[in-house]
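What follows is a set of notes on a single structure, which appears directly below.
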Amino acid sequence: MKIRTVFIAPGILLFFLVLFLITNDYQQRRSDFIERRLAVLQTRIEATGRTLSNFSRYVFEETVNRTAVLALMKEAANADEQTRTAIRARLAALVLEDYEHLQRYDFRQFHFQLPDNTSFLRMHSPDKFGDDLTGVRETVRIVNETKEPVVAFEPGRIYNAYRFVYPLILDGEHFGSVELSFSMNSFLNILSQLEKADYYFGIRRNAVESIIFEDDRTRYMDSCFSPEFLFDREVLPEHDNKELFEKTADLLYPILDSGQNGGYAAMHQGSRKLVLVHFVKDLSGRPVACFVAVSDDTVLSNYLRDYLVIIGISVAIFLTLFGAALILFREREKMKHLSLTDMLTGLRNRTALVGILEQEMDRVKRYDKPLSVMMIDIDNFKQVNDRFGHAEGDTVLKNLARLMSSALRASDYAGRWGGEEFLVLLTDTPYESGVIAAENFCAEVASTYLSTLTPVTISIGITAHIADDSIDSLIARADDALYEAKRQGKNRAVGIRKN
């Protein structure tokens with residue numbers, strides 16, 4: 001049993017180590033794949049942003065950066081409120097045709113600001129002007145301070161958008177800024193053309209509600225993937241996948257809360273879906289919005305299939321080897337048991353008794369414990385075999401073995417020494433107690449029918465371990481005591497304390 005534990009325990013540990021390594025490899029492959037897909041999504045979003053940035057620059061140069069427009073803004077920057085009202089009307093009329101044309105290309109906002117960041121003209125909402133944007137529109141503030149263009153995503157008083165803000169300069173004099181921005185539909189449309197997927201764009205609720213005009217709040221609604229994100233009603237997805245998002249909330253919400261790009265795969269309606277989250281940050285680096293992409297997954301499904309197949313094979317191999325090992329150990333234990341057992345009586349054989357005697361004598365010497373030994377022989381056993389046959393002799397031997405096993409203590413050892421001789425080791429038993437036990441057992445045998453055909457008695461030689469005893473000297477002294485019991489007339493126990 002000890003050898004079995006020594007062998008099987010490391011085997012089990014090795015099996016679980018293999019499972020750990022296989023699982024770790026699968027998880028690493030899955031993580032690497034999701035990272036690659038996130039990188040691809042980021043590249044596409046950045047490329048889309050560059051495309052729109054180039055388009056916005058073209059619109060600025062062709063529509064805004066011309067003398068007629070710049071002159072009106074220069075005049076407005078230095079005018080009183082009454083004059084500005086007239087200039088605002090003239091400017092709106094001047095760019096109206098261009099603005100209406102651009103709206104067909106998801107162009108959303110055409111917004112002029114004065115040098116002090118005051119809104120001057122919103123073409124998308126011309127009746128709203130005069131509000132200070134310093135605390136709510138970082139892009140406008142930076143452009144008017146640095147007089148350099150700025151590109152960034154930013155929620156606004158009315159809309160959210162990727163904003164392309166340019167300084168307005170005429171004859172070296174700065175007199176305001178203009179914002180040209182596109183609806184996020186432009187991003188989603190381009191992304192959908194690059195890869196088939198359901199794309200969602202959500203804005204953090206607190207980023208919108210803190211700055212939006214009260215009467216424009218209805219432009220937003222709760223998103224289908226998190227109560228902390230809102231949808232722009234003009235940028236709604238074709239499919240909501242709400243059931244998928246609710247089912248995988250324990251995977252999705254930690255990503256949304258972290259503000260770090262992430263993704264996961266999950267089964268939904270019989271197919272495996274890949275969900276990717278890419279955050280959009282404002283100028284301060286805060287993740288104020290995000291793209292969520294949901295697509296059918298085949299690669300991770302193959303990874304999972306391969307992983308389950310490998311796990312199944314590993315388990316099958318382990319169970320096969322484990323079963324074979326158990327059978328091997330059982331056979332080994334069986335062979336060991338057979339090699340140490342007397343087949344007729346079921347008691348220990350001589351080899352087993354010698355091994356136990358070595359251990360007990362070592363214990364006696366180490367802990368100074370007493371040990372007594374009985375050598376037992378069946379009286380006139382040859383006559384039983386001669387008169388009644390060997391079958392009856394075998395019956396006598398087996399009956400004596402059963403009686404011996406029931407009479408002895410659990411700490412004692414009994415075995416067949418050879419022929420009709422038996423050896424009993426009485427542990428923690430001094431000589432005097434050993435003699436009493438031998439006499440009692442001898443009397444018990446005499447009063448018991450070991451054979452139904454003839455009375456059977458035994459003779460016992462008893463001795464105890466003394467200093468400097470060896471196995472041979474101890475057994476020899478027990479043999480001498482047995483010989484003396486035979487000489488005195490048999491059916492008795494005789495003890496010899498020492499030579």
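Each reported figure results from applying straightforward, stated rules to the coordinates on display, with no laboratory input. Predicted, not measured: the structure shown is a model, and the values here were computed from it. Neighbour counts are summed over all protein chains in view; Cβ atoms, including those assigned to glycine, are modelled from backbone coordinates with ideal geometry.
Kirkwood hydrodynamic radius, segment 183-297, all distinct C-alpha pairs: what's the number in Å? All intermediate terms of the calculation are to be shown ahead of the outcome.
On the way: mean 1/r = 0.0684 Å⁻¹.
Value: 14.6 Å, from the Cα pair sum.
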Query raised in the report: When the helices in the chain are scored as -39500 (n - 2.57) per DSSP H run of 4 or longer and the sum is shared across all residues, what 222 nm value do you end up with, to the nearest 500 deg cm²/dmol?
Result: -17000 deg cm²/dmol
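How would you rank 355-361, 114-120, highest first, on the average number of other Cβ atoms within 10 Å across their residues? All intermediate terms of the calculation are to be shown ahead of the outcome.
Values: 355-361: 15.4, 114-120: 19.3.
Answer by packing, highest mean first, reads 114-120, 355-361.
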Query - Cut-off under 5 Å, modelled amide H: who pairs with Arg163 long-range - result: Ala152, Phe153, Glu154
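Which of rounded, prolate or oblate describes segment 65-182 when judged by the alpha-carbon gyration tensor and an a/c cut-off of 1.5?
Working: a/c = 1.36, a/b = 1.11, b/c = 1.23.
Because its axes are fairly even, with a/c under 1.5, segment 65-182 counts as rounded.
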Query raised in the report: Which values, in whole Å and largest first, are the semi-axes of the equivalent ellipsoid of segment 350-495 obtained as the square root of 5 times each eigenvalue of the Cα gyration tensor?
Result: 27, 15, 14
Query raised in the report: At Leu194 and Asn380, where each label point lies 7 Å from the Cα along Cα→Cβ, what is the point-to-point distance in nanometres?
Result: 11.0
**Report entry** Gain in span if fully extended, Arg387 to Gln42, counting 0.36 nm per residue against the direct Cα distance
**Finding:** 113.9 nm
Query raised in the report: With charges set only on the Cβ (+1 for Lys and Arg, -1 for Asp and Glu), what does the dipole of the chain come to about its Cα centre, in debye to the nearest 20?
Result: 1740
Report summary line: Between Glu75 and Glu214, Cβ-based FRET efficiency (R0 25 Å, step 0.05) works out to 0.20
Query - Placed amide H near Asn261: partners under 5 Å, 5+ positions off or other chain - result: Phe279
Query - Quotient of Cα Rg and 2.2 N^0.38 Å for the chain, N being how many residues it contains - result: 2.11
Requested in this report: Could you list which residues have their amide H under 5 Å from that of Ala289, counting only those 5 or more apart in sequence or on another chain, with H placed in the peptide plane?
Outcome: Arg204, Val280
Report task. Place a +1 charge on the Cβ of each Lys and Arg in segment 318-477 and a -1 charge on the Cβ of each Asp and Glu, then give the dipole magnitude about the Cα centre in debye, rounded to the nearest 20. Result -> 600
